[in-house]
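Peer 1: Can you read through this structure? Questions will come right after.
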């Protein structure tokens, strides 16, 4: 049986089949060194009706050759229909893209240089190659390869009613590392995307929230 001991006291914790006592710990961020911790919240424009199924609506491509991005959380942080959809199911897929050799197109490429998205002013600017958000239509896919299965999938029934909130801001969690005890780790030319399938006729607005770290090793 192993024990943990302090410098001024006896056994502080035991490891093994023994009577349990609480061990108090303090969670710390990933060891980001001169890099940093980041968060973003971004909203689309009014998405036009008739988008093709499984269209990219959010893309985050990592291009740095020596460092890594750790994705802790990705969330559809609210979706609102302006013009009514045909009643049916909406589906949002979080995909892990590899061999991502050419950026997507369209939408808005977010500003990542300078003081943007860091959780402390002393942290460095993000090293993400591109983070792109849809504005009024699907994004161009770029050149990338998806895993056969998605990392996460979120479906939601949509009723035919205009000017309604379809996904609550607290719902739509596509990835939460706390559920898996490991973040998604992105190396060079890897990334994550959100692909959407929505019913016909509706126009809609949605938001995305992403939390990540950038580190030299993990």
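Peer 1: How large is the convex hull of the C-alpha atoms of region 22-151 per residue, in Å³?
Peer 2: Working: hull volume 23.6 nm³, N = 130.
Normalising the Cα hull of region 22-151 by residue number yields 182 Å³.
Peer 1: May I pose another question? What FRET efficiency comes out for the pair residue 201/residue 39, r = Cβ-Cβ distance, R0 = 45 Å, nearest 0.05? Intermediate values should be presented prior to the final figure.
Peer 2: Working: r = 34 Å, r/R0 = 0.76.
That gives a FRET efficiency of 0.85.
Peer 1: Sort 179, 103 by Cβ crowding within 10 Å, fewest neighbours at the top.
Peer 2: Details: 179 10, 103 19.
Going from least to most buried by this count: 179, 103.
Peer 1: Using a Förster distance of 25 Å, how high is the FRET efficiency between residue 176 and residue 217, based on the Cβ-Cβ distance and rounded to 0.05? Working shown, then result.
Peer 2: On the way: r = 23 Å, r/R0 = 0.93.
Given R0 = 25 Å and the Cβ-Cβ separation, E is 0.60.
Peer 1: A follow-up question, please. Going by average Cβ density within 10 Å per residue, which order do the peptides 58-64, 70-76 take, highest to lowest?
Peer 2: Working: 58-64: 23.9, 70-76: 22.1.
In decreasing order of mean packing, 58-64, 70-76 become 58-64, 70-76.
Peer 1: Please arrange 203, 108 by counting, for each residue, the other beta carbons lying within 10 Å of its beta carbon, fewest first. If you can, show how the numbers build up before the last one.
Peer 2: Details: 203 18, 108 14.
By the 10 Å Cβ count, ascending, the order reads 108, 203.
Peer 1: Note the direction-averaged projected area, equal to a quarter of the hull surface, for the Cα convex hull of the chain, in nm².
Peer 2: Quarter of the Cα hull surface area: 16.0 nm².
Peer 1: Pairs of Cα atoms under 8 Å, at least six residues apart: use those to get the relative contact order of region 34-215, whole percent. Display every interim value, and only then the final one.
Peer 2: Values: 546 pairs, mean separation 93.5, N = 182.
Reported relative contact order: 51 percent.
Values quoted throughout were computed directly from the atomic coordinates according to the rules given, and no laboratory measurement underlies them. Just so it is clear, the structure is predicted and the values come from calculations on it, not from any experiment. So basically every Cβ, Gly included, is an ideal-geometry build from the backbone, and we count neighbours across all protein chains shown.
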